[in-house]
Amino acid sequence: MRQESHLQEESGKREHVGAHMVNVYINGKRHVVPEHATIMRAIEYAGHQIIRGAGCREGFCGACGTIYRLPGDYKLHTGLACTTLVKEGMSLTQIPSVPMEKAVYDLEKLTPDVTAILQVYPVTFRCVACGTCTKACPQGLPVMDYIQAALRGDVAAVADIAFDCVGCGLCALRCPAEIIQHEVGILSKRLTGRYLRKKSNELNDRIEEIQSGKYDVEYRSLEAMDKSALAKLYYARDIER
């Protein structure tokens, strides 16, 4: 984050004239922000420009991981800045990236079982089943459960449980065994997609339709839409799992 100009800060404050305000501490400095603001909006309202630590702003990309404490509460809480609301006396800082060494591997040389987990992320076997990762997950996922599935070699179960993981890394940040849980989830999803998913005739048919130009008119229609029209269409879509 960096401090923006005084004029931009004052402009943002005028947007919330009359709103009930609360005190928050951003990187140790007190700011007065609107009560119903998200952490991300509060940071910007306070005059900061978020250069790293913002993406979709909808809770999907995991770029805005944040840790915070509340008055009278010893616990260190975790959340996404774009979906977590500020509270009076909240002390916070963003964690836009959790340091880790990402493994480089070739899926064609791996098998979808426990040997792949052991080969690529052996640190996974340090898990003590404390549940800290589950408590840290802003998506409410049972992270410890999919790590236990990984230890059993049940790659498909890992992929299923970790389906909604946004990769924020807050689980890895809190893990006392220093496991990189979300990367284990990504590996398992890739292995599942490569080896365990049933072949889809529908997918092959759809690829042929795309290549034949069947959807060219629809593509051009989408390209001509403005952002609001695309957003309306996006949120009204049917979601399949």
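Bear in mind these aren't lab numbers, they're just calculated from the coordinates by the rules spelled out. Every value quoted in this text rests on a predicted model; they were computed, and no experiment measured them. Ideal geometry is used to build each Cβ from the backbone, glycine not excepted, and the neighbour counts take in all protein chains shown.
Note the direction-averaged projected area, equal to a quarter of the hull surface, for the Cα convex hull of the chain, in nm². Could the numbers behind the result be given before it?
Values: hull surface 67.9 nm².
If you wrap the Cα atoms of the chain in a convex hull and average its projections, you get 17.0 nm².
Relative contact order of segment 107-196: 35 percent, from C-alpha pairs under 8 Å at least 6 residues apart in sequence.
Extension gain, T115-R206: 0.36 nm per intervening residue step, less the Cα-Cα distance, totals 29.3 nm. Size descriptors for segment 109-241 (Cα atoms only): Rg and Dmax, in that order, 19.0, 55 Å.
In the chain, the DSSP-assigned H stretches of four residues or longer account for a calculated mean residue ellipticity at 222 nm of -10500 deg cm²/dmol, using -39500 (n - 2.57) per stretch and the full residue count as denominator.
I need the shape label for segment 170-230. Rule: rounded when a/c is under 1.5, else prolate if a/b > b/c, else oblate, with a, b, c from the alpha carbon gyration tensor.
Working: a/c = 6.24, a/b = 1.70, b/c = 3.68.
Judged from the Cα gyration tensor, segment 170-230 comes out oblate (a/c at least 1.5, b/c at or above a/b).
Pairs over the 26 Å Cα-Cα cut-off, from the set K102/K199; K109/K135; K109/K189; K109/K199; K102/K198: K102/K199; K109/K135; K102/K198. Within the chain, the longest segment free of exposed loop sites, counting GluC sites (Glu not before Pro) that fall outside DSSP classes H, G, I, E and B and have at most 12 other Cβ atoms within 10 Å, spans 102-177.
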